[in-house]
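Some notes on the structure that comes next.
Since every read-out is calculated from the coordinates, none of them should be taken as a lab result. Owing to the predicted nature of the structure, the values given are computational and were not obtained by experimental measurement. A quick note on method: Cβ atoms are made from the backbone with ideal geometry, for glycine too, and the neighbour counts reach across all protein chains shown.
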Amino acid sequence: MLVLDGKTLQYDRPFSHDGINYPANWLRLTTLAEKEAIGIVEQPDPFTPSYDQRFWWGVDNPKNIDDLKTVWKSKTSETANSLLVPTDWYAIRKADTNAAIPTDWSDWRQSIRVAASTKQTAIDAVTTVAELETYITTNTGADSDYPVWPLDPDQVAALPTPEPTPESESVVTGGTVSTESEDVVDLGG
């Protein structure tokens, strides 16, 4: 934030100082030294606390926890439904023709229902808006995180197979491994 004579200057706005009119682009085109030469001081922007509007009306002003639980449990059901809809045809085909649903897809569909139920139970367990916000927004990649859902069989199949690292490969041909406290390998050489 740039300040001149106690007034905040805005980029791309003309201003006047000591009888001189400065054009709108002057602040962008000058160096800090040129700005300081006429008395402009650079100051940090004032701190304004932030909050997530999904959970708070304002800073330290939480929304009603019961209403939020209802909203987030509903969103969880909607997410689960949107994940299941593309594979509903398996269930329809089974009802129409008695053709079996592939086991991997049947298992995945059940895992989505279980994940949704688990997430809704976790939402019910929180007692404060701050706890709910933490649960909903935490994403460490763990299966227990709210944003994480089971991968469908096609996504799992598309995951790259990790290459073995040299550290994970220990090949000893011949020789003996000592049982002493030190890691000693005698290759019989």
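Here are some notes:
- Helix axis angle, 103-125 relative to the chain longest principal axis, alpha carbon, degrees: 50 degrees
- Degrees separating the helix 65-84 axis from the principal Cα axis of the chain, which is the longest one: 50 degrees
- Residue 128/residue 34 FRET efficiency (R0 45 Å; Cβ-Cβ; nearest 0.05): 0.30
- When each of 34, 133 is scored by the number of other beta-carbon atoms lying within 10 Å, the sequence from fewest to most is 34, 133.
- Estimated FRET transfer efficiency when R0 is 45 angstrom, pair residue 2-residue 54 (beta carbons, to 0.05): 0.85
- Between residue 111 and residue 45, the modelled labels are 4.2 nm apart [label points 7 Å from Cα along Cα→Cβ].
- Debye-sum result for the range 77-136 in log10 I(q)/I(0), which assumes one identical scatterer on each alpha carbon, at q = 0.26 Å⁻¹: -1.04
- Exposure proxy for 28, 109: other Cβ atoms within 10 Å of each Cβ, ordered fewest to most, give 28, 109.
- Where labels lie 7 Å past Cα in the beta-carbon direction, separation of residue 157 and residue 144 in nm: 3.3 nm
- Neighbour counting of Cβ atoms within 10 Å sorts the residues 72, 105, 26, fewest neighbours leading, into 105, 26, 72.
- Within the range 56-158, the proportion of Cα pairs with more than 19 Å between them is 51 percent.
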